[in-house]
Structures are given as C-alpha cells and as structure tokens.
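Trainee: What follows is a single structure, and I will ask about it in a moment.
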Amino acid sequence: MTSVTPSTPEQVMGDERKSKSGAVALSVEGVSVKYGAFTALTDLTFHVDDGEILGIIGPNGAGKSSSFAAITNSVKRSGSVTLYGEEVDRASTQRLSRLGLRRTFQQNSFFAELTVLENAMASFQLAEGSSLLKSTLTPWVEARQRESRRASAKALLIEFGIPERYHAMQPDDLPHGLQRVLSIVVSYGSGSRVLLVDEPGAGVGGEDMKDLAELLVRLKRQGMALVLIEHHMDLVMEICDRILVLDRGATIAHGAPAMVQRDPAVLEAYLGKTT
Amino acid sequence: MKSLLSNPVVRIVGAVAAIVLALFLPQLLGGGNKIYTTFALIAIFAIMSYGMDIILSDLGEVSLGQTVFWAAGAYTTALLVIKLQWDPLLSLVAAIAVSMAIAIVLGLITIRTREFVFSLVTYASAIIAMAIVTNVELFGGSDGLVGMPVLEIGPYNAGSAQNFYPVALISVVLVIYAVARFRRSRLGLTARMTHMNPELTTTMGFDVRKTRAIVFMISAPASALAGWLYAFQRSYVGPDLLDQFFLLLMLTAVILPGKRILFGPLIATAILVIQQQHFSFGGDVDKIVLGGVLAVVLLTSKDGLAGWFRGIASARRKRRDEPAPAAPASVN
Amino acid sequence: MNQFLSQLINGVALGAGYALLAVGWSVLLSAARLVNFSHGQLYMIGAFVTWWSMSSLGLPYYAAVPIAVIAVGLIGFLMQGLMSKLIISQNLVSLMLVTLAFGYIITGGASLIFSGNPRQIASPAMGERIYILNTYITMQEVVIIIAALVLYGVTWLVLEKTTAGRKVRGVAEDPFLARLYGINPGKVYAGVFVFSAASAALAGALIGPRHPILTSMGFEEVIITFLVVVLGGIGSIIGGLVAGFGLGLFVALFGAYVSPAYAMPAAFAVLLVLLVVRPQGLKVKS
Amino acid sequence: MNYVVQAEHMHVRYGHSVAVKDISISVKEGELLAIAGANGAGKSTLVNAIAGWSRATPRVSGTVTFKGDDVSKLRAEMRARRGIALVPESRGAFAEMTVHENLSMVDAKNDEGKNFEIEDIFGLFPRLKERRSQQAGTLSGGERQMLAIGRALRAAPSLLILDEPSVGLAPRLVVEVLQHVKELTQDGLAVLLVEQNVRAALEVADRLSLIEQGEITATGTADEMREDDRTISAYLGGLRAP
Amino acid sequence: GDDGEAAPADPLRIGVIVPLSGAAGPNGGHVLAGIEAQVSLINDAGGIDGRMIEVVSRDDQSTPATGVSAATDLVEEGVDVVMGGWNSPVTLAIQPVLVRADVLNITSIPQNASILGGADPTAIRMNAGNAIGGYTAATYIAEELGAQRVAMMLQNDAYGIDAGAFVRQNLPDSVEVVSEELFEYTDTDFRVAISNVVASNPDALYTANAAESSGQPALMQQLGASNIDFPYFAGTGTVSHTVIDAAGEGSVETMSADLYFGDVEPWASYPKNVTFMERFEEQVGSMPDKFAALGGQSVDVWAQAVANAGSAERQAVADAIYGQTFEDTILGSVSFTGHGQQMFPMFAFSVSDGEITVLDEIAIPEEVWEQ
Ligand SMILES: Nc1ncnc2c1ncn2[C@@H]1O[C@H](COP(=O)(O)OP(=O)(O)OP(=O)(O)O)[C@@H](O)[C@H]1O
Ligand SMILES: Nc1ncnc2c1ncn2[C@@H]1O[C@H](COP(=O)(O)OP(=O)(O)OP(=O)(O)O)[C@@H](O)[C@H]1O
Ligand SMILES: [Mg+2]
Ligand SMILES: [Mg+2]
C-alpha cells in the first residue's frame, strides 16, 4: 500500500499558491447554491492542483454533492470557477467536460442498455469517435478506429479493476462495487484532467476498497487533479492531501487530514466520538 | 462462420450478391406489373420507415410527425415537376432540402420536449401540415396534385413498374447503408446515450439537445426520398400522405421486427405490403388480422420478431451445448 | 355579447365531453405511466354496447349505461391481463403499439358485429333542452358536465389524499420497489386499467347520444384525449379537467370568431407553442 | 428463543451463473446477524431471495420459513405484509413522492412488530423532519438512506433486512443508526444486516457470517469473529496495511 | 337464361373499387350491390352479345393508397372496366394506374370537378357534379323560397368549398350571403356554427355536408333542436335514406334535390328501374337508394355502350358514351356531355319527420352540365 506524504500546513492554507507538484487546476471562489428558499451551499472556496487530491467531507445533506453540481454548472449557482487559470463561469456542463472537468454521480450512472465494454468505449467516443461523414465515406477507417477504441476500453476497464469476464455483461448485472468503478470509468474516459468523484467508496469493501484507493492514487500520480467526496474515513484520511469539511452548506474546516481529524467542530458535526 | 462474416471482403461480396438477387427476384417470381409494384412499394415504404427507425430506435422518441417529411418530399417533388417542369433529380435535391428545413424548425421547437410531449408536439405538426395542404390552393386542397409525369433519370425511363423497381432498390440500399453507418458514427452512439442517460452524456461532454435536434434533422431526408419516389410511383400526391395510414405503417415497420434491427423495417414492410397487396380480406378483417399479429408478436416477445428468433436460436444452441456423446478416437 | 355568451355555453358543453373522455387516460398516464391508444375504441364500444342494450335487450337508457361501463371494464381487465409483462417493464413504445393493435381488433370486430351503419342512442335526456340566449344545452350535456366534474373530483381526491392513491403513484414510479411496501403492482395496474376503460365507456355512453355513432369512431377521440392529457400536464389530474374545458372553450370561440373548420389545427398550433414554452404543460405543481 | 426466519438450502442462479450456493442461515428473535463478504460475493442476492424480491429474474430454490410458516412461495409483497422488511441496496424510496408521503403510504402493518409512527421516525432521523415535504429524489444520498430505513420500520416488521445501510451515511450517523437498530432488537426484532463496514457491524452484531463466492465460509459470534483471521485480513485491517 | 352454347365466349369483367369497411363501408356496399343487381339482370338476359359479366370487387378502405393497390390488382385480374369510387381522392389516385393500363374508369359516385378533364382522357362521371348541385340549390333557394339573406355551412374541403362557390355564383345579385361557416368532414357538433348562423339572421340556410353517416344527420338533429325559424336546404345529394333514418324524429324539416327515389314517380314507372328495384330487393332485402341506383346505372350504360361499340375496348366504349343518349335506363332517358358527364333530371323534395315528399323537377340548362 502506498503511503502518502502529508501536505505541509502552508501548502494547505496558501489558497492562491501553487503546490509543488503542479499548476492550480481548479479554483472555486465563493460558490453558493440555493434550491428555492433553501440554501444548500454557502460561499464555497477552494482550489485543487494537478497531482493533488482534495477531500470533501461533511454530514448528510451538507451540500457536498451540490457543490459538484454547482462547479460543473448543472445547477443554478453564484460565485466563480476557474479552470487552469481560465474563468469558466459561463461554460456549459458539456463544455466543461470537453475542457477536462468531469464528475461522477453519487448514484451509479452508466448506460444501462450497453454492455460494460461498450460503456467504456462510449467514454472514448467524444475524442475518438468517427463523424457521420467519415463513418459513411470511409467505413474501413471507422472500423479500425473502433477496434482501437475497443482495445483501449478493455485496457482501461482492466486497469480500473473490472476483469474481462464482466465485459460482456450489462452494468445492472454487475455486483454493486464494480458498478461504482464502472461509473468512474465512464466519466473518466479520456482527456479528463480534473475529476470530481462523488462517494466512490459507497458500498465498496475489503479488498476492493484497497484497489479503489490505489486507483485514485495512481490517477493523482499521473498528474490528475482530484476532488473526492467520501464518507469512508479510512479512505479519505489515507489518500487525501487536504480536506475540506462542510456542514449545512458552510465550510467549517479546511486543512491537512491530521488537523481536520482533530478539529473539535468536525468531531462534533461529523465524525462523532468514535474516531 | 462468425469470422467469415466479419471478413470485409466476404461481406462486400455477399452484399453485392444480395443486391443482384434482389434485382432479379421479381422476375424469378414470375414478373408482371403487380410483382414489380409490390417490390417497389416495399422499397419505398421501407425507406420511409427508416427515417422513423432512427428516431425511435436510436433517439428513443416516438415521433408522430414523421409523415410530414414524407409528405414534404412528395409535395415538393410534385409541385416542382408538375408546375415548373423541373428535372426529377433536381426535384429530389429540393425535396430533401425542404424536408430538412422543416426538420430544423421542428427540431428547434421540440428541443426541450421529451416522451409524450415530444410525441404530441410532433403529431401537432402533422395536423397542422394536414390543415395547410388541404386548404392552400397551391397544394391542390383536399384533391391533391395530379398529373405527375413519369420518372426519367437522364436517359433512363423509369415509367414502367419494371423499370421503376431498380431505382427504388438502389435507393433502399443506399438508405440502409446510411443507417448502418449512422449507427457506427459518433452521432449515432451519442443519440443512444442521450436516450439512456442524458445527465451522464452531458457530463461526458456532449450537448444533448443539439444531438437530438441533429438526429431529428437527419431523419428527414430518408422519408423525403421515399416521398419523392412515391410521387412518381403513384402519380398522385394528396393529403392522405399525412394520414394515420402511413404513420401506422412506419411505426409498425419499426417496432414489429424489434428495434434497432438494421433490416427490420425492410422485412416488416415486406410483410405488411405483401399482406395488403396479395392477402387482403377487406378492411375490417384486415384490421383484425394486422392487429392480431401485432398484438401476438409484441405480447409474446420483448423485442418483436427478433425476440422470437433469438428465442428459437438460443433454444437450438442449448440443445447443441448439451454434452455430445464422446467421439471415437480417430487414428491418424 | 349574447353571441359570446352563447358560444361560451357551447364551449362548456363541448369541453365537458373532452374532459370526460380524457379522465381515464389522465389517470392511466399520470398515475400509472401507462398509455392506451385504444381508448377511443373503448369509447366507441361503450357507445355501441349502450345502443345494443337498448335496441336488442330493450333496456332503458339509464340501465344500458352501467351495462356498457361494466362490459368495457371487463375488456380493460382482459387487456391489462394480456399486457401485464409489458406494463411491469414499462415498455411504453411497445405498449403504444399493442394498444393500437387492440384498437384495430376492436374496430374490425365491432364493424363485423354491429355493421358500419350509423346508430343513434335514444337517450331521453337528449330531448330535454334548456334554451339560453342563441343556443341551447341538453339535459344530456348537463349530465356530462356533472359526470365530468364528479369523476375528476373523486379521482383527484383518491389519488392525492388517500393511501390508495399514493400506492397507485408509487407503483407508477417503481413497481418493483412497491412490492417492498407491501403493494401488489399487478392489482394496482389492473384497477387503474379497469377504471380507465370503464370511464371511456361511460364517456361513450353519455356522449354517444349527441350524434349518430359509428364503429369507425375512435382515432379522433384518442388524439383529443392525448391532447387534453398532455396539455393538462402529465401527472396532474386537475390539469386534465382544466385542459378539457379549456379546449372546448377554445374550439367554440375560435369557431365563432375565426372558423370552426380550423379549430382543431389551431388548438394544436396553440398546444405547440404552449408546450415549447412550458414542456410540462399546464401543470403547476413543481 | 424462537427462530424468526430460517432460510434453508438457498440456491440462486442468474441464467447459467450461480450467485448463491446452497446457503442456510437463520435469525432468532432479538438477534442481529451480520453478513459480510467481498463485492459480488452474493450477499444481496441472498437477502433478496429471503425477501422474495428482485429487480432481475433470478431462479431461486430453497425454503424460507418465517415465524413457523413456509413463505417460499409467497411473492415479495405478501412477505412484506407478514413482516419481512427489506431495505434494498439502492432506490429504496419513491423519488417522486415527498418524504412524508413515502412514510405515510406504508400500511403493511402486522400485529406483532413494534409500531412506529411517523413522528418516531422523525425522532430517529431529525434531518428527515426538516425535509419532510421535499421530494425524495432530491434528497441527499444519506437522507435518502434514512428515509428507506424509516420506511422499513414503519411496516412494523418482525424481520428487518438492511442491505448495506451504512452506504452514503456519515460515519457518525452510521454508528447512531446501528445503535438504534440494536436497540430495536431488544424488543424482539430480528435483524439481518449486510454490511461491508465490518468494524461497525461487529459493534452491534450478535453473530457474523462471511460469504465468499456464494458460499458461507465462516460463521461465529461477534467476539469469535473479531479474533478470526479471515475477518481480520479481509475487513478489519482497513486500508492501513496490517 | 341461355341454352347450351358450344363454346361460351370469355366473360367480361367489371372491377369495382369501393369502400367496404369503415364509415363509408355501408355506402360502398350499396354501390356494389347495385352493380351486382344490374349485372345479374344482364346475365340472365344472355349477357352482352353472349358474353357473361363477372364482378370483381375490392375494398379501398377510403384510403388512396389502398385504392391504388386495388386498382393494380384489378388490372392484373384483367378487368375491362373499373367502376365505383366513393370519395374523390381515391378516384383521383387510381386514375393514373388505370390510364397507364388502358382500362376504362366509370366514376359512379364521386362528384369532384377534377375527375373529368384531368389525368384520365376517357373519364366518365355518373353523379351530378358540384356545378349542378350549386345551380339546383341556388335556383330553389332564390326562386321557390324567395330568400334574400342566405347563410351557408360548408364542409371544409374540395367538395364543400366548391359547392358553396357554385351556389354563390348562381344566386341572383340581389341575394346576400350573410354568413359562411366552415366545418370539418368529421365534425358532429355544429352548435357553434349554428349559433353563428342564427346570429346572422338569414332567411334560408344552405349546407354542404357529405358526411352521410354522422355529420349530416347530426346537423339535421341539431338544427331541429335549435328551432330555427328559416327554411333549410341541404346540398344536392347529401340527404339519403341513411341520413333520414339516422337523423330520426325531431330533426329539422329539410329540403334538397336529388336524382333518384325508386318508388316515386316518375322513376316508379321506368321499366328498367322496375326490374332493377325488384332484383335489388330480392338480392339485398331493401330498396335501392340513389347510390345503388347509380351503381346499377353505371353497369346499364356501360353494357349498352359495349353492345353499341361492339367492343369492350377503352376508347371505343368511351366514344360510345361521350355525347350519346341512352333512352332506356334505370334513371330514364339520360345523355352524356362531350366531357363524359351524365345528364339526368333533378327533383326537389322535402323531408319532414322521416317522410319524403317529392316536389317539382328543377330544369337544368345544358351549359350548366357542361361546366
Ligand atoms: N432539488 C432540490 N430541492 C430542494 N432541496 C434539495 C434539492 N437537491 C438537494 N437538496 C437538499 O440540499 C441539501 C444538500 O444536498 P447534497 O446532495 O448536496 O448533500 P450531500 O452533502 O451530498 O449529502 P450526502 O452525504 O447525504 O450525499 C440536502 O439537504 C438536500 O435535501
Ligand atoms: N441481474 C443479474 N444478472 C446476472 N448476474 C447477476 C445479477 N445480479 C447479480 N449478479 C451476479 O451475482 C453475483 C452476486 O451479486 P450480488 O449483488 O448478490 O453481490 P453482493 O455480495 O451483494 O455484492 P456488493 O457488495 O457489491 O453489493 C455477482 O457475481 C453478480 O455479477
Ligand atoms: Mg451527496
Ligand atoms: Mg450487494
């Protein structure tokens, strides 16, 4: 199991400063979300760098998932989001995705009528699919590309820990844990640079949890910026460089895992006395 | 067997052989006007249905306005050819252009609608189109347009049923090819993805609405091509093109064989047209027969006729999979 | 002014018919997410059974109506039994086509049984007319209006305010999950389908006397129903009532001031615009 | 103490593949049996089969005896009415209904179980009370899980089956929920708890069974299992290497 | 009856395309029955020059596409003539098929103007066209009813609009059309339109509503219920027995004009009509209506023309009909214009409580027939 060097405090606190490992990938400024009269998220501010994992934790209904929706512009929000130095407040969800900002959903999310392999192939579709014209006029090129997409998809699935015997199944027939992984695969696809992952560990246990942790760390090593929502404290504490704690929409703590873990407000609101 | 079929050379040779066979099939069946007409109608109605097939199978929506494109193709052709003596091929280009223009407008209108609302809005477009063609003098009112000349493509005169059929056959081959390639293209897969999970598709970087509008738009030319052919084949273009008759034909052609079966609409139209042309028992009994067949197929199989065949095939396979008696060791 | 009021009255009479016709579908679609494109044919059968009970069994009109309702309710039960697999899997496209197919069978069968000749249901209430301004309204239409209001009211109460109604909505959303709530989805679907079919028959029996009936009726009725239900907003019963009466008034006023011939296309044009602006229809609930 | 449920020789297949192989388990009144196992081991398949429920079409054989009656032939809704309450792994509440509607539509009450009024559920999960008129589909993941558990309790079950209830719940809440469940067993409720969070499960369980590839590989009391090597290596080691 | 000829000649074949299902099914059935009755009479009398006649019928389901299939099919069957038709679009759609196959087409019922002089150079139309209907109605309304303010309710399609236009054209200038309401063929509730008509305060109402089985009877019922205080004239040919029966009691008193009432003078004493009526009653069990009579008349005229021409060939038969007179037919003495339109006497009649009273003949000048 890989051990992670804990981040230094100033790295955590220096919001605008770049980390040693890479550029500021995603920066979020004063983002708030309201559902009708109900405020789900207030003034969220953080940044995450390439090669870094930021954890977001907090009680149920604290606004964690809402923050993902807000950052990817799929709910109405206020505040500002910057991706690699470029302000992207007006970019649509799909545009953000094309720029490399992707998210996974808390609920498993894939294409139920496609096989597992086809799901993975679909994730390469944006970058590698053939246009209608090409497909019609040069079918042989399309066939070649499809084969290569199939190979990459297979490799990706295996890399993420979905063995080949599952590839021809429909996603709904997979065990729950693998459905989670597949959800990540589909969103991750190719060309993602900043990945927002919503509770990948939900329902994943034992060995699979270790695989998941390794996977996330590997992505980070490859230079990807990750934001991780998770209730599984072992996982969070193990792999996150920094942790942000939300409670009722407000940020109540933000810092190195060890620090956050000791924070009395966090203990009170979230962790309870056991940990 | 499987590897043989996936060999591109074998597939191309097979396809060419099938087309040649299809070309001579009416003659093998005894020729005659009626046989040729039956074959031409199968081709025309199949082409018409492929437009619907894309919407229904790939986009997952039930468009009840698909007859508009088919009627637009036929009316455009008739108007240009009868009133302005245009060349048939030019009128085809115009027919496709007009249908696509209508599709763009409808696509924009329906862009936010899904499921029933989509169906109803598209149906509304058919009702309105019907009101327009039956009331505007230009379109010949409820009488429609008569006086279509015979189809001539360059030096080729497709006036007789026998000469018309190859034109229809080539058209249907092209359309089937186009549909197959569409399903292999990025657009084709995205269409399915938007249907299955629009949120996920969005987060994967696709514009769901744009995809839907584009697919809607490219479904129009097939139906318009069919309208063009039918205008010449029938020599009469009337408001009945917008009737439920053709709408139900399209729907049945797509759903009866099972969705997303490449040759499904062709096979189903063949069944329907042959029944109408050769085994008709009069309207009332025909209704019971058609309704009965449809009901039985769809009630007993999730995927229409294809489901039946899959069922039979898997039953066979199971029998084959049963341990065979040990073969006697052969001596080299 | 008189003219306007007369047309309003005509519109109410028309609209009550549309609303009554649509209530069954509204429940079917809103509450159980099912479609039935043979709804119009069930309406037709309802009218013909009423006529047949009167002409062949010699029953009075008011005894023939319940017979039609029960008979068609049974047909509905049979249909849903046959379709139960498609229903549970919520395969809407297939359901649409299967019900269209049932409609075909019903039309063809009815034409063979009752012949294609027009028939007239002799309802005594047709003869009782109330003259108002430039127009009149028959007792029959008063009955239709009352039936529509009562049926919608009761349906709304049941669906929104009772546990039974919640069960129906639950089954509509997720029949598998409903089992864990102790609900038998099959029974619920059967109940909804029978109600829907029976109410179509009631519409046929009550609206039928207004004009000669034909076995070829049905397709138009399905389309009007479809329009009313979607316009009212899927998931909203009261929306259906409002849309039904609204459509009647629109048809009457458009007919009065523009032309009756274009009233339906115009209604569809309005619907087109409305649904483009508000894809959720008239439904107000979030 | 009587057995509330005895599932014997449960065997479940999906098409050709066998997901549960001849498993027998039973739970007594007031007992909490935890089931753990890797992803895909067959835990959900097993408990679903006991409840007679599935979204797919598995082929199930074996007998389920519930409070002395053979319920193997009963459909899920009938078992639910008799007092088997299952909280499935996902989609445990009607998304288009409000929290309150979801809780109020349960009427599968049997006479023996403890009766939970809606207010009791709100007492258990105050968060739900705050969101009582919100549609379940827009609830946060954890709130939805609370609703699903609350709904199951409303049916006054004699056997409560929880399929990974901790999923999506904040750590503090996991402990609370499991404690509440534990308290319910004191009134005689039998609980079957599928849980990957074995550490948390062992806090409350009387017994623990491990499933691997469709078979039970170990069963024992909580104390025994805490010491069991298999449990330790697979579940209690956590992410920190032993 | 004939005695054993050595080698009977090939039979002649009449193809019939009419709706036999749906709303128009009963009507199409009547036309077919009329055709069959007359054919059986001719066959009993030894056929045409010794050749028997066979009838081959197809259901067009009131759908042009099905009609076209039926036409192709009948051509394949080798028919010598195609008769029938109920609605104009079906007739217009089958014309090109029959022209290409060189088969004569006699249009028994449809009244549309474009049937003659369109795709088919040998078209023959048995029914009165809209011009006749318009002339008859206008003459009756202006002269017999003396109306100065006329209201119109017209079916919104080629038939209704045309009919209305012809009525206007034939009304004297002094007569004003005070309201014109359009409605759909399928409409059955006319109260909106009736309210408008009443509000326009006319002294006669003209309607063109060809929906025999539903619309027209409903209209008569609703006019009756509205207690209108002005006379009502329904478009020529729209008030058949079916309509009268379906409308029932309480309907408005209706005037109209038509070409055939078999049991009323003068038809009751035409010898051909007498035998036709007998045969029809024998075969069908009811009196022939106008549509049945037009079906029979189609056969009658065609058979005489074939005999006169000595051939069943398309052009020869057409030549033997165009501009010719047939003295002894079911409809009495009729002639054809140079365009293939049959000319016959028209009679006004009125219906009150289901009772038909035939009034005077309305003389129609030759140039109106030619229109
Ligand atoms: N569409 C909506 N309308 C009203 N309230 C909503 C809506 N969507 C979410 N909420 C509420 O907003 C709050 C924040 O939800 P969110 O999903 O962000 O929580 P979360 O922090 O991800 O919680 P969990 O850990 O349980 O998933 C919750 O209380 C939820 O009920
Ligand atoms: N609908 C289905 N069709 C085919 N196979 C299925 C289906 N559902 C489950 N399976 C298979 O059955 C086995 C057991 O699955 P099950 O969901 O019971 O596992 P589990 O122990 O609950 O896993 P998890 O902890 O991930 O929820 C797996 O191999 C899975 O692939
Ligand atoms: Mg969340
Ligand atoms: Mg599971």
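Trainee: Where does each of B:Asp87, E:Asp10 land when they are ordered by accessible area, with a 1.4 Å probe and the largest first?
Mentor: E:Asp10, B:Asp87
Trainee: Given N residues in region B:36-247, what is its alpha carbon radius of gyration divided by 2.2 N^0.38 Å?
Mentor: The reported ratio for this selection is 1.03.
Trainee: Using 18 Å as the cut-off for backbone N distance, which residues of region B:177-202 belong to the label zone defined by a point 7 Å from the Cα of B:Lys210 along Cα→Cβ?
Mentor: B:185-195, B:198-202
Trainee: Just give the residues from region E:60-77 buried by at least 20 square angstrom of accessible area in the all-chains context relative to the isolated chain, probe 1.4 Å, and say none if nothing qualifies.
Mentor: E:Gln61, E:Thr63, E:Pro64, E:Ala65, E:Val68, E:Ser69, E:Thr72, E:Asp73, E:Glu76
Trainee: Express the C-alpha Rg of chain D as a ratio against the empirical globular expectation 2.2 N^0.38 Å, rounded to two decimals.
Mentor: Taking the Cα Rg and dividing by 2.2 N^0.38 Å, one obtains 0.97.
Trainee: Oh, and also: Taking all protein chains together and a probe of 1.4 Å, list E:Glu366, E:Glu212 from the most accessible to the least accessible.
Mentor: Ranking E:Glu366, E:Glu212 by accessible area, largest first, yields E:Glu366, E:Glu212.
Trainee: Also, I was wondering about something else. Give the interface area between chains D and A as buried accessible surface, both sides summed, probe 1.4 Å, in Å² to the nearest 100.
Mentor: 2500 Å²
Trainee: Here's another thing I want to ask about it. When you take every Cα atom in chain E, what is the radius of gyration, and what is Dmax, the widest Cα pair distance, in Å?
Mentor: Answer for chain E, Rg first and Dmax second: 20.4, 74 Å.
Trainee: Heavy-atom accessible surface, probe 1.4 Å, ligands and DNA/RNA ignored: which residues of region A:194-210 lose at least 50 Å² versus the isolated chain?
Mentor: When all protein chains are present, A:Gly203, A:Lys210 each give up 50 Å² or more of accessible surface.
Trainee: Averaged per residue, what accessible surface does region C:9-58 expose to a 1.4 Å probe, in Å²?
Mentor: Ligands and nucleic acids excluded, the result is 17 Å² per residue.
Trainee: Let me ask something additional. Indicate, rounded to the nearest 5 percent, the antiparallel portion of the DSSP beta bridges found entirely in the protein assembly as shown.
Mentor: Around 50 percent of the beta bridges assigned by DSSP in the protein assembly as shown are antiparallel ones.
Trainee: Roll a 1.4 angstrom probe over the protein heavy atoms and tell me the percent of accessible area of region B:36-247 that is carbon or sulfur.
Mentor: The computed percentage sits at 67.
Trainee: Related question: Looking at chain D, send over the antiparallel percent of its DSSP beta bridges, to the nearest 5.
Mentor: 55 percent
Trainee: Here's another thing I want to ask about it. On the full set of protein chains, 1.4 Å probe, figure out the accessible area of B:Trp70 and give it in Å² to the nearest 10.
Mentor: Probe radius 1.4 Å; accessible area of B:Trp70 about 0 Å².
Trainee: Accessible area per residue, 1.4 Å probe, Å², for region C:158-286: what's the number?
Mentor: The answer is 30 Å² per residue.
Trainee: If you don't mind, another one. Once you place label points 7 Å from the Cα toward the Cβ at B:Val10 and E:Glu367, how far apart are they in nm?
Mentor: Those two pseudo-labels are separated by 8.1 nm.
Trainee: Sort B:Tyr123, E:Tyr322, B:Tyr50 by accessible area with a 1.4 Å probe, largest first.
Mentor: Greatest to least solvent exposure: E:Tyr322, B:Tyr123, B:Tyr50.
Trainee: Still on this model: Please find the FRET efficiency linking D:Ser133 to C:Thr163, where r is the Cβ-Cβ separation and R0 is fixed at 25 Å, and quote it to the nearest 0.05.
Mentor: In this case the efficiency is close to 0.90.
Trainee: Follow-up question, since we're still on this one. Which entries of A:Lys134/B:Lys210; C:Lys85/C:Lys187; C:Lys85/C:Lys161; A:Lys34/A:Lys64; C:Lys167/D:Lys182 show an alpha-carbon separation above 21 angstrom in the structure shown?
Mentor: Over 21 Å apart, Cα to Cα: C:Lys85/C:Lys161; C:Lys167/D:Lys182.
Trainee: Could you tell me the distance between the Cα centroids of region D:121-148 and region A:103-125, to the nearest Å?
Mentor: Centre-to-centre distance over Cα atoms comes out at 29 Å.
Trainee: Below 8 Å between Cα atoms, with a sequence gap of 6+, how large is the relative contact order for region C:23-218 in percent?
Mentor: Worked out over region C:23-218, it gives 44 percent.
Trainee: About its Cα centre, what dipole magnitude does region D:3-235 give when the only charges are +1 on Lys and Arg Cβ and -1 on Asp and Glu Cβ, stated in debye to the nearest 20?
Mentor: 760 debye
Trainee: Next up: Provide the buried accessible surface between chains E and B in square angstrom, both chains summed, 1.4 Å probe, rounded to the nearest 100.
Mentor: Chain pair E/B: roughly 1900 Å² of buried accessible area.
Trainee: Could you work out the local net charge near E:Gln155, counting Lys and Arg as +1, Asp and Glu as -1, over the other residues with Cβ closer than 9 Å to its Cβ?
Mentor: Combined, the nearby Lys, Arg, Asp and Glu give -3.
Trainee: Continuing with this model, one more query. Return the distance in nm (one decimal) between the two label points of a simple spin-label model at B:Asp87 and C:Tyr131, each offset 7 Å from Cα along Cα→Cβ.
Mentor: For B:Asp87 paired with C:Tyr131, the spin-label model returns 7.1 nm.
Trainee: Return the Rg/Rh value of region E:78-226, two decimal places, where both radii are evaluated on C-alpha atoms and Rh is the Kirkwood radius.
Mentor: In region E:78-226, Rg relative to Rh is 1.05.
Trainee: What fraction, in whole percent, of alpha-carbon pairs in region A:216-275 exceed 18 Å separation?
Mentor: Of all Cα-Cα pairs in region A:216-275, 33 percent lie more than 18 Å apart.
Trainee: Could you tell me, in Å, what Rg and Dmax come out for the Cα atoms of region C:23-218?
Mentor: Taking only Cα atoms of region C:23-218, I get Rg and Dmax of 17.8, 59 Å.
Trainee: Taking R0 as 51 Å, what FRET efficiency do you get between C:Ala269 and D:Arg13 from their Cβ-Cβ distance, rounded to the nearest 0.05?
Mentor: So, using R0 = 51 Å, E works out to roughly 0.35.
Trainee: Roughly how many whole Å is it from the C-alpha centroid of region E:42-66 to that of region E:347-371?
Mentor: 30 Å
Trainee: While we're here: Given the C-alpha centroids of region A:210-250 and region C:119-157, what is the distance between them in whole angstrom?
Mentor: That distance is 68 Å.
Trainee: On to the next question. Is there a simple number for the mean count of other chain Cβ atoms within 10 Å of the Cβ of residues in C:13-20, and what is it?
Mentor: That average works out to 1.
Trainee: Further question on the same structure: Of all the accessible heavy-atom surface of chain D, with the other protein chains kept in place and a 1.4 Å probe, what percent is carbon and sulfur?
Mentor: 47 percent
Trainee: Summing -39500 (n - 2.57) over the DSSP H runs of n ≥ 4 in chain A and dividing by its residue number, what mean residue ellipticity at 222 nm do you reach, to the nearest 500 deg cm²/dmol?
Mentor: -10000 deg cm²/dmol
Trainee: Okay, next question. Calculated from DSSP H runs of 4 or more alone, at -39500 (n - 2.57) each and per residue, what is the 222 nm mean residue ellipticity of chain C, nearest 500?
Mentor: Computed mean residue ellipticity for chain C: -25500 deg cm²/dmol.
Trainee: I would also like to ask the following. Taking the Cβ of B:Glu115 as the centre, find all other residues whose Cβ is under 11 Å away and add up their charges (Lys, Arg: +1; Asp, Glu: -1).
Mentor: For residues surrounding B:Glu115, the net value is +1.
Trainee: OK, next. What pairs from A:Lys210/D:Lys21; A:Lys154/D:Lys43; B:Lys259/B:Lys287; A:Lys154/B:Lys259; B:Lys83/E:Lys290 go past 30 Å between their alpha carbons?
Mentor: B:Lys83/E:Lys290, as the Cα separations exceed 30 Å there.
Trainee: Right, another one. With Cβ to Cβ distances under 11 Å as the rule, what net charge do the other residues near E:Ala211 carry (K, R +1; D, E -1)?
Mentor: Once positives and negatives cancel, what remains is -4.
Trainee: For B:139-150, what's the mean count of beta carbons from other chains sitting within 10 Å of each residue's beta carbon?
Mentor: Mean inter-chain Cβ contacts per residue within 10 Å come to 5.
Trainee: Go through D:90-101, A:207-218, E:278-289, A:175-186 and give me the packing order, highest mean Cβ count within 10 Å leading.
Mentor: So the order, starting with the most tightly packed, is A:175-186, D:90-101, A:207-218, E:278-289.
Trainee: Of all beta bridges DSSP finds with both residues in region A:20-271, what is the antiparallel percent, to the nearest 5?
Mentor: If I count the DSSP bridges inside region A:20-271, around 55 percent turn out antiparallel.
Trainee: As a test of the formula, what do you get for chain D when each DSSP H run with n ≥ 4 contributes -39,500 (n - 2.57) and the sum is divided by the residue count, at 222 nm and rounded to the nearest 500 deg cm²/dmol?
Mentor: Helix-only estimate at 222 nm: -8500 deg cm²/dmol.
The values are calculated or read from the model by the stated rules, or taken from the named source; none is laboratory data. Owing to the predicted nature of the structure, the values given are computational and were not obtained by experimental measurement. All Cβ positions, even for glycine, are placed from backbone atoms using ideal geometry, and neighbour counts span all protein chains on display. For accessibility, only protein heavy atoms count, side chains too; no ligands or nucleic acids. Shrake-Rupley method; radii C 1.70, N 1.55, O 1.52, S 1.80 Å.
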